[in-house]
1. Hey, does region 216-226 have a residue that's buried (at least 18 other Cβ atoms within 10 Å of the Cβ) and either at pLDDT below 90 or not assigned by TED's automatic domain parsing to the domain that holds residue 103 (or both)?
2. Does residue 129 meet the test of being outside any helix (DSSP H, G or I) and in contact with a strand residue (DSSP E or B) (Cβ under 9 Å, 6 or more places away or on another chain)?
3. Being assigned by TED's automatic domain parsing to the domain that holds residue 162 and within 18 Å of the chain's Cα centre (by Cα) is the requirement here; does residue 138 meet it?
4. In the same structural domain as residue 183 (by TED's automatic domain parsing), under 29 Å from residue 176 (Cα atoms) and in a loop (DSSP other than H, G, I, E, B), is that true of residue 163?
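The values are calculated or read from the model by the stated rules, or taken from the named source; none is laboratory data. What you see is a predicted model, and the numbers here were worked out from it, not measured in a lab. We place every Cβ from the backbone using ideal geometry, glycine too, and count neighbours over all the protein chains shown.
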């Protein structure tokens, strides 16, 4: 059960906005019909926040306005209200990102990689990973391996970005060092997690470096399930 906490502090205002959005969606959009009410105008949300959740008029207007700016970013990339609602229902924290980050992320996935709004709306976790340190480096590795026809299966980027750092290295980097010598150097340098210590690393040395020299793996999981950030403790 979702608990909404309303605080006047600016540090908690956005969290309250996202929580309010989730309550609003569950209250007014059934799982079968995501277009029961339009979200192009936020007056309906304002009324709900004031009358059902006890927001002041100013709080409700501020919350609805901030959320509307997020909606507009998605719409500018061709998302329908139905797709925005599908994403927000599954992972409302996608709307916590700044408009600039949303634009950068959507541009990469939709304009550069060709993903559709329908796909991203049903795979929203792809939108919350770091582009620079996770998505783009792993996509580059995946493209290299596919180009050289080294992969037995057609792995999706969605499944690959969800892997832990060590699991990704073990499955997609280390086994191919002999076939793509620069792969191990290029990937860690791009992510910033590990600096390759050898010009021509061998697999056994790399495993020792990752698992012993750099210590244990730290997994940080955000409680609402929106993001998994895997890092090596240096």
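1. First, the residues of region 216-226 that are buried (at least 18 other Cβ atoms within 10 Å of the Cβ): 226.
This time we only want the ones that are either at pLDDT below 90 or not assigned by TED's automatic domain parsing to the domain that holds residue 103 (or both), so: 226.
There is at least one residue in region 216-226 that is buried (at least 18 other Cβ atoms within 10 Å of the Cβ) and either at pLDDT below 90 or not assigned by TED's automatic domain parsing to the domain that holds residue 103 (or both).
2. Details: outside any helix (DSSP H, G or I): yes; in contact with a strand residue (DSSP E or B) (Cβ under 9 Å, 6 or more places away or on another chain): yes.
Here the answer is yes, as residue 129 does meet what is asked.
3. On the way: assigned by TED's automatic domain parsing to the domain that holds residue 162: yes; within 18 Å of the chain's Cα centre (by Cα): yes.
Yes, satisfied.
4. Working: in the same structural domain as residue 183 (by TED's automatic domain parsing): yes; under 29 Å from residue 176 (Cα atoms): yes; in a loop (DSSP other than H, G, I, E, B): yes.
When the stated conditions are applied, residue 163 passes them.
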